[in-house]
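Engineer: Starting off with a structure, shown below.
The values are calculated or read from the model by the stated rules, or taken from the named source; none is laboratory data. Keep in mind it's a predicted model, so treat the numbers as computed, not measured. Positions of Cβ are backbone-derived with ideal geometry, glycine not excepted, and every protein chain shown enters the neighbour counts. Remember, those area values only see protein heavy atoms, side chains included, never the ligands or the DNA or RNA. Shrake-Rupley method; radii C 1.70, N 1.55, O 1.52, S 1.80 Å.
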Amino acid sequence: MTKLSVNINKIATIRNARGGETPSVTEAAVKIQEFGAHGITIHPRPDERHITRKDVYDLKPLVTTEFNIEGNPHRDFIDMVLEVKPEQVTLVPDADDAITSNAGWDTKKHLDFLKEIIIEFKNAGIRTSVFLDPTPELVEYAFKTGADRIELYTEAYAKNYTINKEQAIQSYYDTAVVANEFGLGINAGHDLSLENLKYFADHIPNLLEVSIGHALVSEALYMGMENTVQAYLKRLAKW
């Protein structure tokens with residue numbers, strides 16, 4: 001079964017809009033795990049507009065499933081991840097002022113840069129994943145960085161799913177096939193939802209993990225968090 005990691009950035013966004021500690025990021029992480037999620041994802045940014053550095057350290061002892069920290073590998077980010085030692089770090093090339101992640105790595109262009117960073121994480125025993133557009137020719141260079149996995153950037157799939165889902169999935173399938181050939185694990189995330197997740201999971205060979213935040217937290221406003229997490233798990237089930 002593909003694992004579900006819940007990105008709790010939006011919980012922090014709601015909290016920060018009002019100040020204080022409500023809703024609690026730490027309590028949300030504990031409850032989401034109790035409801036069956038296989039992991040917790042966060043994406044701390046330099047401006048701390050949602051997840052803060054304090055959140056990162058507060059969450060570490062509470063995440064008993066799998067802790068995945070995403071971010072642009074500036075030196076401060078690298079040092080924080082090395083100190084916290086999550087199970088996984090996902091490297092994302094987003095600009096500091098980006099509203100959300102909006103592109104994967106050009107692993108050919110940034111090969112040497114990524115290799116230097118990834119070796120630090122690997123030496124610390126942290127699994128590494130690189131955010132990647134569905135571009136098969138970049139997979140070889142992702143492999144050469146030393147990464148353990150790629151995370152497929154799924155915005156284009158989500159945007160085109162309702163127009164032509166077969167066409168929307170094709171480049172992701174092609175990229176996944178090449179990743180499997182190189183022995184790279186496959187994660188995916190960005191704009192996956194209850195509507196489009198099952199088709200994606202059913203058509204990507206050896207999909208190990210999805211990271212879902214915005215849609216899941218939004219749907220939880222109507223359905224409740226426990227029901228929503230359970231609904232996502234059912235979408236990922238293979239029976």
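Engineer: Using the Kirkwood formula over every pair of different C-alpha atoms, what hydrodynamic radius in Å results for segment 3-236? All intermediate terms of the calculation are to be shown ahead of the outcome.
Structural biologist: Working: mean 1/r = 0.0564 Å⁻¹.
The Cα-based Kirkwood calculation yields 17.7 Å.
Engineer: Another question, if that's okay. At 222 nm, what value in deg cm²/dmol follows for the chain if DSSP H runs of at least 4 each add -39500 (n - 2.57) and the sum is divided by all its residues, to the nearest 500? Let's see the in-between values first.
Structural biologist: Numbers: 11 runs with 108 residues, N = 239.
Counting only the DSSP helices, I get -13000 deg cm²/dmol.
Engineer: For the charge dipole of segment 3-236, defined by +1 on Lys and Arg C-beta atoms and -1 on Asp and Glu C-beta atoms about the Cα centroid, which residue among Val130, Gly146, Ser211 has the Cα displaced farthest towards the positive pole?
Structural biologist: Highest projection toward the positive end goes to Ser211.
Engineer: Hey, another quick one. Counting only protein chains, not ligands or nucleic acids, how are Phe113, Phe77 ordered by accessible area (probe 1.4 Å), most first?
Structural biologist: Values: Phe113 90, Phe77 15 Å².
Reading off the accessible areas and sorting them downward yields Phe113, Phe77.
Engineer: Roll a 1.4 angstrom probe over the protein heavy atoms and tell me the percent of accessible area of segment 3-236 that is carbon or sulfur. Each step should come with its number before you reach the end.
Structural biologist: Working: 5230 of 10410 Å².
Solvent-exposed carbon and sulfur of segment 3-236 make up 50 percent of the total.
Engineer: Which ³J(HN,Hα) values, rounded to whole Hz and listed in residue order, are derived for segment 219-228 from phi using the Karplus coefficients 6.51, -1.76 and 1.60 in 6.51 cos²θ - 1.76 cosθ + 1.60 with θ = phi - 60°, glycine and proline given as x?
Structural biologist: 5, 5, 4, 9, 9, x, 5, 5, 4, 5
Engineer: Kindly flag which residue pairs out of Lys10/Lys234; Lys3/Lys198; Lys3/Lys144 have an alpha-carbon separation exceeding 19 Å in this structure. Numbers along the way, then the final one.
Structural biologist: Details: Lys10/Lys234 22 Å; Lys3/Lys198 13 Å; Lys3/Lys144 25 Å.
The answer is Lys10/Lys234; Lys3/Lys144.
Engineer: Below 15 Å, Cα to Cα, which aspartates and glutamates can Lys109 reach? Residues fewer than 8 away in the same chain don't count.
Structural biologist: Once the sequence-local aspartates and glutamates are set aside, what remains near Lys109 is Asp133, Glu137, Glu140.
Engineer: Under unit Cβ charges (Lys, Arg +1; Asp, Glu -1), what dipole magnitude, rounded to 20 debye, does the chain have relative to its Cα centre? Provide the component values of the computation, followed by the final result.
Structural biologist: Values: 25 positive and 35 negative charges, 88 e Å.
For this selection, approximately 420 debye.
Engineer: For segment 167-239 and segment 118-151, what is the centre-to-centre distance using only Cα atoms, to the nearest Å?
Structural biologist: Each part's Cα centre sits 19 Å from the other's.
Engineer: If you don't mind, another one. Among Asn72, His43, Gly19, pick out the residue whose Cα is farthest towards the positive end of the charge dipole of the chain, where Lys and Arg carry +1 and Asp and Glu carry -1 on C-beta, about the Cα centre.
Structural biologist: Most positive-ward Cα: Gly19.
Engineer: Around Thr154, which amide H atoms from residues at least 5 apart in sequence, or from another chain, sit under 5 Å from its own amide H, with H modelled in the peptide plane?
Structural biologist: So Thr154 has HN proximity to Gly189, His190.
Engineer: May I pose another question? Roll a 1.4 Å probe over the protein chains and send me the accessible area per residue for the chain in Å².
Structural biologist: 46
Engineer: Could you derive backbone 3J(HN,Hα) for segment 195-202 from the dihedral phi with the Karplus parameters 6.51, -1.76 and 1.60 (θ = phi - 60°), listing whole Hz in sequence and x where the residue is Gly or Pro?
Structural biologist: Result, rounded to whole Hz: 6, 10, 5, 4, 4, 5, 5, 6.
Engineer: If we sort 207-216, 83-92, 9-18 on the protection proxy, mean other Cβ atoms within 10 Å, highest first, what's the order? All intermediate terms of the calculation are to be shown ahead of the outcome.
Structural biologist: Details: 207-216: 23.3, 83-92: 21.4, 9-18: 17.1.
Output ranking for 207-216, 83-92, 9-18: 207-216, 83-92, 9-18.
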